[in-house]
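Quick notes on the structure that follows.
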Amino acid sequence: MPGKPKYYWDSCSFIAWIKGERSAPGDLEGLEEVAKMVDSNKAVLLTSEITKTEVLEGKMTQDQQAKFNLLFQRKNVVPIDVTGRVLSKTKVIREWNPKISLPDAIHLATAILYEADEFHTNDGGGKKKRAGDLLPLNGNVAGHKLKICKPKCNQYSIDFKNEQSAKAKEATRKAVPEASEVQGSSSGPPEGQTTAQSKSTEEQATEKEKRS
């Protein structure tokens, strides 16, 4: 799905969105905004297959389970299998930082391999800090420049509109040539040619008068 941003949600992002939980002001609103972008097919949401197990292990109401299952029915919500390739990258990440849990390392490996634009999580956003927290890894996961952050409310729809507006302006610019380009491609006579022709006509008239 070219042209659409790809966001990765780990399990805690899904749980926070489903249950309406927030660890800080704006957290839930940011998740809701991304969910709306996904619902309107303006973004792709990636996650690992292990997310289903991790989320469904927790206590949820029937309405919350229905909300979770309904999201996964969308074609632009992509659960990714834990393949040998993912496990190899997981091993590299855990060797780089053994404090990262195995499930978290699988999430990070999947996001890296499938080129997520942003990895959304609340892990590490609380007051209690741990060596395996994910948010502090923003910009460097075993040498990979993965962006790890909390989604911010009002950021994504605005960025998407600005991107579309810029593309429209660029298309208009290409379709309508600049004035200098029109002048440069004109097939009319070079500047000064008309004046030269007028002088030539006047000289011919003067010669005829002298002869008469």
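Values in this text are rule-based calculations from the coordinates and carry no lab data. Note that the structure is a prediction, hence the values are computed from the model and not measured.
Determine the gain in length on full extension of the stretch Thr61-Lys145; use 0.36 nm per residue of separation and subtract their C-alpha separation, reporting nm with one decimal. Before the final figure, lay out each step's value.
Numbers: separation 84, 0.36 × 84 = 30.24 nm, distance 3.75 nm.
Stretched fully, the Thr61-Lys145 segment lengthens by 26.5 nm.
Read phi for every residue in the range 51-65 and hand back ³J(HN,Hα) as whole Hz from Karplus 6.51 cos²θ - 1.76 cosθ + 1.60, θ = phi - 60°, with x for Gly and Pro.
Once rounded to whole Hz, the list reads 4, 4, 5, 5, 6, 6, 5, x, 7, 9, 6, 5, 5, 5, 5.
In whole Hz, with x marking every Gly and Pro, tabulate ³J(HN,Hα) for the range 67-83 from phi via Karplus 6.51 cos²θ - 1.76 cosθ + 1.60, θ = phi - 60°.
Here the 3J(HN,Hα) series is 4, 5, 5, 5, 4, 6, 7, 6, 5, 8, 10, 10, x, 10, 5, 8, 8 Hz.
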